[in-house]
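Participant: My questions all concern the structure below.
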Amino acid sequence: MKKKFIGNFYRDGKRYCTQAITVYDHDFNTFSDGIVIPHGIYDLKRNEGYITLGTSKDTSEFCCDCIKYWWENYGKENYHQASSILVLADGGGSNSSRHYIFKEDLQKLSNEIGIEIRMAHYPPYTSKYNPIEHRLFCHVTNACKGTVFSSIDVVKSLVGKTSTSTGLKVFSTIKNKVYATGRKVRENFKENMKIVFDDYLGKWN
């Protein structure tokens, strides 16, 4: 799923309506009313998706806040006996396997929620094998087709209505927090961090 402008812009797909809707055929930033940045979490065991719609920037802090929201509102209730969380993620973007700012935010998150977090990043060009791509994102995309994103509440409603014949449920929320870009890791973090890299494929795990 990719970030989208909020406003009267063209959207692929078809919807039944009483009359044609006139929209801009290009996504001009100057004509937009904001931006929506979707972040998804997919629970393999429960077949449930959790989509956070950000309105600021796609940063490592935003990513970790999404995980925190999921854990505090769903995860710790569904898995109250869990001793750790396994996260499968792409190797780039806000949760990049190479960026230490993400590792710092991840360690902070682990400290805050009091549970071990294990990250398993997919190597470059293999993100299509991540279950979230074909079990959640594709269905959310279909649910949003043909509808103009006139407001972020419209997006939230569309995402929340996503379902499949196999019982997929999707929960959505809006995150209006403003995130800073260009942050640097704090001094001596690399020397004092508690993050452990696997002996096997430690670059990604």
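The values are calculated or read from the model by the stated rules, or taken from the named source; none is laboratory data. Bear in mind the structure is a predicted one, so any value in this text is a computation, not a measurement. FYI the Cβ positions are ideal-geometry reconstructions off the backbone, even for glycines, and counts take in every protein chain you see.
Participant: Look through Val159, Val154, Val196, Val178 and report the one residue that is part of a loop (DSSP other than H, G, I, E, B), of a type outside the set (Lys, Arg) and under 22 Å from Gly54 (Cα atoms). Don't jump to the end; show me each part of the working.
Facilitator: Details: Val159 fails: part of a loop (DSSP other than H, G, I, E, B); Val154 fails: part of a loop (DSSP other than H, G, I, E, B); Val196 fails: under 22 Å from Gly54 (Cα atoms).
Result of the check over Val159, Val154, Val196, Val178: Val178.
Participant: Taking the stated definitions as given, is Leu106 in contact (Cβ under 8 Å) with a residue 60 or more places away in the chain, under 23 Å from Lys76 (Cα atoms), assigned to a helix (DSSP H, G or I) and out of contact with any helix residue (DSSP H, G or I) (no Cβ under 7 Å at 6 or more places or on another chain)?
Facilitator: Working: in contact (Cβ under 8 Å) with a residue 60 or more places away in the chain: yes; under 23 Å from Lys76 (Cα atoms): yes; assigned to a helix (DSSP H, G or I): yes; out of contact with any helix residue (DSSP H, G or I) (no Cβ under 7 Å at 6 or more places or on another chain): no.
No, not satisfied.
Quick grid of which residues meet (1) touching a helix residue (DSSP H, G or I) at 6+ places or on another chain (Cβ under 6 Å); (2) among the basic types (Lys, Arg); (3) modelled with pLDDT of 95 or more:
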{"residue": "Glu112", "(1), (2), (3)": "no, no, yes"}
{"residue": "Ala120", "(1), (2), (3)": "no, no, no"}
{"residue": "Arg135", "(1), (2), (3)": "no, yes, yes"}
{"residue": "Glu187", "(1), (2), (3)": "no, no, no"}
{"residue": "Phe197", "(1), (2), (3)": "no, no, no"}
{"residue": "Tyr200", "(1), (2), (3)": "no, no, no"}
{"residue": "Lys203", "(1), (2), (3)": "no, yes, no"}
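Quick grid of which residues meet (1) buried (at least 20 other Cβ atoms within 10 Å of the Cβ); (2) touching a Pro at 6+ places or on another chain (Cβ under 9 Å):
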{"position": "Val23", "(1), (2)": "no, no"}
{"position": "Arg46", "(1), (2)": "no, no"}
{"position": "Ile51", "(1), (2)": "yes, yes"}
{"position": "Ile67", "(1), (2)": "yes, no"}
{"position": "Phe102", "(1), (2)": "yes, no"}
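Participant: Scan the stretch 120-138 for residues that are without any contact (Cβ under 8 Å) to a residue 40 or more places away in the chain and in a helix (DSSP H, G or I) and jot them down.
Facilitator: Of all residues in the stretch 120-138, those without any contact (Cβ under 8 Å) to a residue 40 or more places away in the chain come to 124-129, 133-134, 138.
Of everything in the stretch 120-138, those that are without any contact (Cβ under 8 Å) to a residue 40 or more places away in the chain and in a helix (DSSP H, G or I) turn out to be Ser127, Lys128, Tyr129, Glu133, His134, Cys138.
Participant: Considering only residues that are over 14 Å from the mean Cα position of the chain (by Cα) and either assigned to a helix (DSSP H, G or I) or surrounded by fewer than 16 Cβ atoms within 10 Å (Cβ to Cβ) (or both), which ones fall in the stretch 80-98? Please lay out each step first, then the result.
Facilitator: Quick first cut of the stretch 80-98, residues over 14 Å from the mean Cα position of the chain (by Cα) only: 80-86, 97-98.
His80, Gln81, Ala82, Ser83, Ser84, Leu86, Arg98, listed by residue number.
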